[in-house]
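Throughout, read-outs are computed from the coordinates displayed, never taken from laboratory work. Keep in mind the model is a prediction, meaning the values are calculated, not measured. Positions of Cβ are backbone-derived with ideal geometry, glycine not excepted, and every protein chain shown enters the neighbour counts.
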Amino acid sequence: MRRRAPDTIPGVEHDAGAPFDPELMAAVGGLGSALRELVDAAVRTTVGAAELRAATDAVRAVSGRLATAQRPPTQLPALDDVRAFRRVYNPVSGVGSALAPPLVLRRAEGGVLGDVSLGSAYEGPPGYVHGGVSALLMDQLLGAATISAGLWGMTARLELDYRRPVPLRTPLRLTARVVEDAGRRSVVTGTVALADEPGRPLVEGRGVFVMPRPELQEAYFGAVTDASGRPSPPGRPTDATALRDEQGPEAPPWER
């Protein structure tokens, strides 16, 4: 039986999830942006050893300040709402993540569209994106397509065909759609292409997403709590990002 998402697809203006502290959200997003700038500068710098050592000391001092209060792995960040797919530290789309490009996804007719440009931190072959990074993007993209279709689940299989290398520092267009819905199992396909040539795939992907049985959901997520320590296991186990409307250019409030 088809499992429709309740009411609306999460992530748009009118379904932004649980309330959050806007000052904290702005601070998390600001730090995430600064960390991404730091990572990019670090992998591209040509300064000498003395300057690198000074930078190392400064970065470690900041790490020490941030480490004075930390959450355990099973505790959700205060700003997250898994029901609305708001994940501020998601390594692909999270505004607070130093790892995320971040990827921006939106709903479109028949599926989802995404736009991203990848810097030198994601390099594999000189001048091109690491193949594992393409897989990371594809997993997130296909998961978002399941959300757009009113489905959800966990990645059970991910297959990629690398047609051509993906260039760094170049606008990319990602597309995906659900091609099969069979109860607890969904099949999704997607592509990564140049934004200027969206019909010429660089990477093609196919994923199978499966909703775990209730007893497995409990085993996987039963220990998860919210920021206050109250049990908060996700009812829809997916790490895909929230989606924007194709005709709605304004970002969800946690991305502003």
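Extension gain, residue 223-residue 62: 0.36 nm per intervening residue step, less the Cα-Cα distance, totals 54.9 nm.
For region 100-196, a/c is not less than 1.5, where a ≥ b ≥ c are the root eigenvalues of the C-alpha gyration tensor, and a/b tops b/c. That puts it in the prolate class. With the radius of gyration and the Kirkwood radius both derived from the Cα set of region 41-148, what is their ratio Rg to Rh? Looking at region 41-148, the ratio lands at 1.04.
Under the convention that each Lys and Arg Cβ holds +1 and each Asp and Glu Cβ holds -1, the size of the dipole of region 61-187 around its Cα centre is about 180 debye. As a proxy for reagent exposure, ranking 112, 178, 95 by other Cβ atoms within 10 Å from fewest up yields 178, 95, 112.
Among 147-160, 52-65, 69-82, 220-233, sorting by the average number of other beta carbon atoms lying within 10 angstrom of each residue, highest first, gives 147-160, 69-82, 220-233, 52-65. When DSSP beta bridges are restricted to pairs lying wholly in the chain, around 95% turn out antiparallel. Charges were assigned to the Cβ only: +1 to each Lys and Arg, -1 to each Asp and Glu. The resulting dipole of the chain about its Cα centre is roughly 480 debye.
Is any helix in the chain, taking whole DSSP H runs, at least 15 angstrom long along its axis by alpha carbon and on average at least -0.5 on the Kyte-Doolittle scale, and which ones? What comes out of the filter, once short or polar helices are dropped, is 22-44, 49-66, 131-148.
The relative contact order of the chain comes to 24 percent, based on Cα pairs under 8 Å that sit 6 or more residues apart. Here residue 159 and residue 26 are evaluated by their C-beta separation; at R0 = 51 Å the FRET efficiency comes out at 0.85.
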